[in-house]
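Peer 1: Below are the C-alpha cells for one structure; questions will follow.
The values are calculated or read from the model by the stated rules, or taken from the named source; none is laboratory data. The structure presented is a predicted model; accordingly, all values stated were derived computationally and were not measured. Cβ sites come from the backbone with ideal geometry, for glycine too, and all protein chains shown count toward neighbours.
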Amino acid sequence: MKRRLPLIFVAIVTVICLVAASVAAVASGANVGAVAFSVNGTKVSQATFDRELAELADHAATMKAVLGTPISSTPGAVGAQAATAWLNIRISLELLRQEAARRNVTLTAADRQTAEQTLTADLQSANLELGQLPPSVRTALIDYFAYRDVLQLTDANTYRTFLSAAARKSHIKVDPRYSHAGG
C-alpha cells in the first residue's frame, strides 16, 4: 500500500508559494474582515479557523507527527509554521472540493469510508490512531483523501500538477495573521 500521509506534505510545499502571494495581496490593502481565508469566494471564518487551530494546540504531539512541524513552543498556542501548514491543507481541500463540484462529482459515504480506512492505515504506520486526531482534522483529512481518490489524483505527480494549476487559476485571499510563509 502506498503511503499517503507524506502526500499532505506535497500539498503544503506546493501551496506555500501561493500563500506567500496571497499574503502580499491581502497586506496590500484588501479587507477580509472576519474571514480567515477564501478560495474563489468560498469563505472560512476566523472563528472556524481559530477553533481548528485551538484543536491543533490541544493535540500538539499528534499534530506534530501529522503536519511534520512542531505545533508551538508555548503550550496551548499554535506557531506560525503549524498554522501555515494547516492553512495549506485547508486551502488544498477547498481546491479539491471545487474541482469535484466543477466535474459534478459528489463524495459518498463509501468514498469517505474508504478514505478513512486509508488514513487509519497511514496513521497506524506512524504509531497513531484515528481517534487521536482532533475532530476537525479527522474530517478534513478524510475528505482530503476521499476527494483525491474520486478525482483520481492519488499519484503524487498528478496531484502536484493539479494543485499547481488550480492554485494559479484561483482567487485566494488569506488573512495575514494566519499566513507566515517561510516562517
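Peer 1: Do we have Lys169 as closer than 26 Å to Val35 by Cα, of a type outside the set (Ser, Thr, Tyr) and touching a helix residue (DSSP H, G or I) at 6+ places or on another chain (Cβ under 7 Å) here?
Peer 2: no
Peer 1: Considering the stretch 62-117 alone, what residues qualify as being surrounded by fewer than 16 Cβ atoms within 10 Å (Cβ to Cβ), at pLDDT below 90 and of a type in the set (S, T, N, Q)?
Peer 2: Passing the criteria: Ser73, Thr74.
Peer 1: Report whether or not Leu130 is closer than 19 Å to Asp58 by Cβ, over 16 Å from the mean Cα position of the chain (by Cα) and crowded, with 19+ Cβ neighbours inside 10 Å.
Peer 2: no
Peer 1: Could I ask something else about it? Asp143: closer than 22 Å to Phe49 by Cβ, surrounded by 15 or more Cβ atoms within 10 Å (Cβ to Cβ) and among the charged types (D, E, K, R), yes or no?
Peer 2: yes
Peer 1: Here is a further query. Could you pull out every one of the helices (runs of 4 or more DSSP H) wholly within the stretch 66-183 that has 1 or more residues that are touching a residue at least 40 places away in the same chain (Cβ under 8 Å), within 27 Å of Gly41 (Cα to Cα) and touching a Ser or Thr at 6+ places or on another chain (Cβ under 7 Å)?
Peer 2: Because the criterion is at least 1 residues that are touching a residue at least 40 places away in the same chain (Cβ under 8 Å), within 27 Å of Gly41 (Cα to Cα) and touching a Ser or Thr at 6+ places or on another chain (Cβ under 7 Å), the helices (runs of 4 or more DSSP H) in the stretch 66-183 that meet it are 80-102, 135-150, 156-169.
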